[in-house]
Amino acid sequence: MQANQVAKLVNELDGYNILVYTGFEYEYLINNSTDENGYMNLLDKTDVLIDGKFEMAKKSMLVPFRGSTNQRAIDVQESLNADTVVLHDFVNKRSNVCIV
């Protein structure tokens, strides 16, 4: 599913924090966002982004909501506001999560 279509789906969800998985890195999405691909449209509606490709050699059961240690859990709204990556803290920020 493409970013614009996912953003439309997310618009229908109310009362949830949105967690999105992508094989892309956050910086790539920011730097390559266009109206056509809709990356920023989706990021604007995303609370937590799990970025980076799963790497079997770095597989770990110790990283919440991720499959491998190279993947980051990014607090997207804080990152957009700070103009730098802010990692999400699953331990201290509990909420209703909808994973798309």
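Taken together, the values in this text are just the output of simple stated rules run on the coordinates, not laboratory data. Note that the structure is predicted; figures quoted are calculated from it, not measured. As a convention, Cβ positions derive from the backbone with ideal geometry for all residues, glycine included, and neighbour counts pool all protein chains shown.
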For this session: Determine ³J(HN,Hα), in whole Hz, for all residues of region 68-74 in sequence, where each value follows from phi through the Karplus function 6.51 cos²θ - 1.76 cosθ + 1.60 and θ = phi - 60°; x replaces Gly and Pro.
Result: 9, 5, 6, 7, 10, 9, 9
Exercise. In whole Hz, what ³J(HN,Hα) sequence does region 4-13 give by Karplus (6.51, -1.76, 1.60; θ = phi - 60°), x for Gly and Pro?
Worked result: 4, 5, 5, 4, 5, 4, 4, 4, 7, 8
For this session: Work out how far the C-alpha atoms of region 17-68 reach from end to end along every principal axis, then list the three figures in whole Å, largest first.
Result: 36, 23, 13
For this session: Output the relative contact order of region 4-77, whole-number percent, from Cα pairs under 8 angstrom with separation of 6+ residues.
Result: 30 percent
Seminar exercise, completed: Rounded to the nearest 5, the percent of antiparallel DSSP beta bridges in the chain equals 50 percent
Problem set entry | the chain: equivalent-ellipsoid semi-axes (sqrt of 5 x gyration tensor eigenvalues, Cα, Å) | 20, 16, 13
Exercise. Sequence-distant or interchain residues sharing an amide H contact under 5 Å with residue 68, placed H: which?
Worked result: 55, 60
Seminar exercise, completed: Toy charge model, Lys and Arg Cβ at +1, Asp and Glu Cβ at -1: the chain dipole around Cα centroid in debye, rounded to 20, equals 520 debye
Seminar exercise, completed: Going fewest to most other Cβ atoms within 10 Å around each Cβ, 55, 12, 25, 36 line up as 12, 36, 55, 25
